[in-house]
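Taking it in order: structure first as structure tokens, then the write-up.
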Amino acid sequence: MIQACIFDLDGVIVDTAVYHYLAWKRLANELGFDFTEAQNERLKGISRMRSLELILEWGGIRKTAAEQEVLATRKNEWYVEMISHMTPQEILPGAKAFLEAARNAGLKTALGSASKNSSAILERTKLLPLFDAIVDGNTVTASKPDPEVFLKGAAALGIAPADCVVFEDAIAGITAARAAGMKAVGIGQQETLTGADMVVPGLQFMSIEKLNKLAANS
Ligand code: BG6
Ligand code: MG
């Protein structure tokens, strides 16, 4: 029986995926190269430092660990500047309503995000009270597709992994959810999110009824 919903943040609850993309693109451009949208898909869900490693690899650029810290900090400063202007209007369609519906149905809710900026975003969008637990980049050591973030979310809620459903827009996140022994609802396109138990274009297309059907199919 489904007892908890664990939500990724960027690209599921808020449209910050585009800010991450713009900031990484600016960094790559300053280093003299660019990357494709398909490559950008691979950056979704993974940590800041792992994203940088991939981008440098695509650009054929080698940097020392200290230089990488400087570059990641620069990207984060641009990103933080962009999210500092966020308002509740940037909550993705249906996200708030579905969080409320889940809570009203007696389900627990947790955030399971790789981001170290999650509390700033939840505060700016006023969504903090809708989560029973927050697990983010400040509390996990292994990046998605490792299941750590979701297992910690389930533990924080006191719910067995098999009774949790994860909502994710990233391939790495779907893999992490499955590795945690949880059901995975993909937010985005079916072709991209192969491996999810079900895919919807956004949380406005999700309902408690669909969630129950998902549970019944297991
Ligand atoms: C994830 C994003 O939620 O958080 C990634 O999908 C991002 O793109 C990661 O790299 C880390 O975010 P932050 O805010 O700690 O740089
Ligand atoms: Mg995401």
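When a/c reaches 1.5 or more, the comparison of a/b and b/c decides; with that in mind, is the range 46-168 rounded, prolate or oblate per its Cα gyration tensor?
Oblate, because a/c is 1.5 or more while a/b does not exceed b/c.
Over 28 Å between C-alpha atoms is what I'm after, so list which of K75/K210; K116/K213; K116/K183; K96/K116; K152/K210; K144/K210 land there.
K75/K210; K116/K213
Please list the non-local residues whose amide H lies under 5 Å from the amide H of S115, H modeled 1.01 Å from N, same-chain partners needing a gap of 5 or more.
Distant-sequence amide H within range of S115: G137.
Taking only DSSP H segments of four or more residues, each worth -39500 (n - 2.57), what value at 222 nm results for the chain once the sum is divided by all its residues, to the nearest 500 deg cm²/dmol?
-13000 deg cm²/dmol
Accessible area per residue for the range 80-218 in Å², computed with a 1.4 Å probe and the full protein assembly in place, what is it?
I get 45 Å² per residue for the range 80-218.
Suppose R0 equals 41 Å. What FRET efficiency, 1/(1 + (r/R0)^6) with r the Cβ-Cβ distance, do E123 and N212 give to the nearest 0.05?
So, using R0 = 41 Å, E works out to roughly 0.80.
With the radius of gyration and the Kirkwood radius both derived from the Cα set of the range 107-210, what is their ratio Rg to Rh?
Over the Cα atoms of the range 107-210, Rg/Rh equals 0.94.
Amide H of V166 versus every other amide H placed in the peptide plane: which residues, excluding those fewer than 5 positions away on the same chain, fall under 5 Å?
Excluding prolines and chain starts, which carry no amide H, the hits are I6, K183, A184, V185.
Classify the range 1-78: rounded, prolate or oblate, from the alpha-carbon gyration tensor (a ≥ b ≥ c, eigenvalue square roots; a/c under 1.5 rounded; otherwise prolate if a/b is larger than b/c)?
prolate
Using mean Cβ contacts within 10 Å as the protection proxy, how do 31-44, 59-72 order, highest first? Please report the intermediate quantities before stating the final value.
Numbers: 31-44: 14.2, 59-72: 11.9.
Highest to lowest by the protection proxy: 31-44, 59-72.
In degrees between 0 and 90, to the nearest 10, how far off the longest principal axis of the chain does helix 17-30 point, with axes built from Cα atoms?
So the helix axis and the longest Cα principal axis differ by about 10 degrees.
Sorted from largest to smallest, which semi-axis lengths in Å does the alpha carbon gyration tensor of the chain give for its equivalent ellipsoid, taking the root of 5 times each eigenvalue?
The three semi-axes for the chain are 30, 18, 16 Å.
Alpha carbons only, please: Rg and Dmax for the range 62-129, in angstrom.
Reported Rg and Dmax, both Å: 16.1, 51.
Starting at the first residue of the range 199-209, write each ³J(HN,Hα) from the Karplus equation 6.51 cos²θ - 1.76 cosθ + 1.60 with θ = phi - 60°, in whole Hz, x for Gly and Pro.
Taking θ as phi minus 60°, the curve returns 10, 10, x, x, 5, 5, 9, 9, 8, 5, 4 Hz for the range 199-209.
Output the peptides 168-175, 121-128 sorted from most to least packed, where packing is the average of other Cβ atoms within 10 Å over each peptide's residues.
Peptide ranking by packing, descending: 168-175, 121-128.
Calculate the all-directions average of the projected area of the range 120-169's alpha-carbon convex hull, and give it in nm².
Convex hull of Cα atoms, orientation-averaged projection: 4.1 nm².
The values are calculated or read from the model by the stated rules, or taken from the named source; none is laboratory data. Worth saying up front: this structure is predicted, and the values here are computed from it rather than measured. Please note: Cβ atoms are built from the backbone with ideal geometry, for glycine as well, and neighbour counts cover all protein chains shown. Calculation scope for accessible area: heavy atoms of the full protein, side chains included, ligands and nucleic acids excluded. Shrake-Rupley method; radii C 1.70, N 1.55, O 1.52, S 1.80 Å.
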